[in-house]
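The values are calculated or read from the model by the stated rules, or taken from the named source; none is laboratory data. Keep in mind it's a predicted model, so treat the numbers as computed, not measured. Backbone-built Cβ (ideal geometry, glycine too); neighbour counts: all protein chains shown. Keep in mind that these areas ignore ligands, DNA and RNA; they rest on the heavy atoms of the full protein, side chains included. Shrake-Rupley method; radii C 1.70, N 1.55, O 1.52, S 1.80 Å.
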Amino acid sequence: MKTKLLLWVLCLPAIVLVSCQSEQKNEEPKTKDMGSAFRTDTVQLRNYEQELQFTGQVSFDQKQVDRVYPMVSGNVLDVNAELGAFVKKGQVLAKLQSADVSQFVKDYNTAKSNYDIAKRNADNVEQLYKTKFSSENDLVNARKQLEIASSELERSSQVLKMYGGTSANSQPIFTVSAPVSGYIVERNINPNMQIRPDNGNSLFTISNLSDVWVLINIYESDIQAVKIGQEVNINTLAYPDRVFQGRIDNISQVIDNDSKVLQARVVLQNPGGLLKPDMFCTVKLHIEKPEKLLAVNPKSVIFSEDRYFVILDKGKGNYQSVPVEVIKSTSKYSYIKANLRDGDQVVTEGALLLFNELTD
């Protein structure tokens, strides 16, 4: 009997220890686990912010653009530059067969022949003058004719060179070259096209696209709210998760007669050439008002049975559903009236799940 009692006494601490460990294992830190499933944001008392949204379009920077116009008429033989391609300064963009160039070649050849004749005559008169068989007046006239022929040859040579020809090439070919390095953002030329002398359209437009313009369409009802220097957020269909930020640096004073919109301009740096001309974009402008309202993260607002709610985090795993009146919502804030204070914490991630648990 004493032996059994002794064994029971010795085993008692071990039993108590196992029991305590079991109780600790079964105990759940509810507050911590509940809190880890949700994220919160702070209620702010801030100036009411109005959000205006506009449509816009990316365009090349008109201040960093070069347009290549036809200098002659003729038939397009070849085009070596595609739309959107990068070209270097001096690169051949197209070749034209031109009657104008043919006339320039003829003028050069005539001037060259006249110069050769004038040079030969001047040399002969100078030899005759040295042997007293020609007068000084004859020598002066011969040198004057040589000077005139030389000037005409230089003029015709420069004209021929300007129009893409050379003295060694008698073919009536006009070469269109790139005046600067950049991207071909407009192309109005194709092989076998006839270029007329009265054509006022550029053959190519070249821009380096290091900067681009975003042209914003502003309707008359919003003109008063838009000012130069305001910050805007720009989104494109090509990069939906990326926001491009800029400032309005110019507002047109003329309303377009067809679209009835006023255009404002934002200049954006374009590293990597992400933004392309003619891309469609949406532009958001935030305007602060003097009135102060409670502002919450839009993710925290729940709509249920024609009413709005937020979940207030009261701390220590204690949550409360609070009805709110939504005054205005933007992409950044929802402005509300509610029984909340500046600095309160409301649930954002998992708010709907909590709301369903609280209302069951």
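Only one residue in L93, L77, L45, L83 is modelled with pLDDT of 85 or more, aliphatic (A, V, I, L, M) and under 30 Å from Y333 (Cα atoms). Which one?
None of the other options fit; the residue is L45.
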Selected residue (criterion: farthest from K289 (Cα to Cα)) from residues of the stretch 333-342 that are open to solvent by 40 Å² or more (accessible area, probe 1.4 Å) and not aromatic (F, W, Y): N339
Set D100, D66: member being assigned to a strand (DSSP E or B), of a type in the set (D, E, K, R) and surrounded by 15 or more Cβ atoms within 10 Å (Cβ to Cβ): D66
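One line per residue, one yes/no per condition, for (1) free of Cβ contacts under 8 Å to residues at least 40 places away in the same chain; (2) of a type in the set (A, V, I, L, M, F, W, C); (3) touching a Leu at 6+ places or on another chain (Cβ under 6 Å):
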site	(1), (2), (3)
L139	yes, yes, no
S157	no, no, no
L160	no, yes, no
Q194	no, no, no
Y219	no, no, no
Checking V185 against (1) under 27 Å from A85 (Cα atoms); (2) at pLDDT 90 or above; (3) crowded, with 19+ Cβ neighbours inside 10 Å, the condition it does not meet: (2)
Those residues of the stretch 221-241 which are open to solvent by 60 Å² or more (accessible area, probe 1.4 Å), touching a residue at least 12 places away in the same chain (Cβ under 8 Å) and of a type in the set (D, E, K, R), in sequence order: K227, E231
Verdict on I251 being open to solvent by 60 Å² or more (accessible area, probe 1.4 Å), in contact with a Leu (Cβ under 9 Å, 6 or more places away or on another chain) and in contact (Cβ under 8 Å) with a residue 12 or more places away in the chain: no
Qualifying strands (runs of 3 or more DSSP E) (wholly inside the stretch 202-255; at least 2 residues being of a type in the set (D, E, K, R) and touching a strand residue (DSSP E or B) at 6+ places or on another chain (Cβ under 8 Å)): 244-251
Pairs, first within 14 Å of M162 (Cβ to Cβ) and among the aromatic types (F, W, Y) in the stretch 173-185, second assigned to a strand (DSSP E or B) and open to solvent by 40 Å² or more (accessible area, probe 1.4 Å), C-beta under 8 Å, six or more apart: F174/K95; F174/Q97
Any hit, the stretch 149-168, residues being of a type in the set (G, A, S), outside any loop (DSSP other than H, G, I, E, B) and touching a Lys or Arg at 6+ places or on another chain (Cβ under 6 Å): no
First in the stretch 95-118 and farther than 11 Å from Y163 by Cα and touching a residue at least 12 places away in the same chain (Cβ under 8 Å), second anywhere and open to solvent by 60 Å² or more (accessible area, probe 1.4 Å) and basic (K, R), Cβ under 9 Å, 6 or more apart: D107/R155; A111/R155
Residue match in the stretch 130-139 (condition: open to solvent by 30 Å² or more (accessible area, probe 1.4 Å), within 30 Å of V68 (Cβ to Cβ) and of a type in the set (D, E)): no
Complete set of residues in the stretch 283-319 that are assigned to a strand (DSSP E or B) and loosely packed, with under 12 Cβ neighbours inside 10 Å: E288, P290, E291, F303, R307, K314, G315, N318
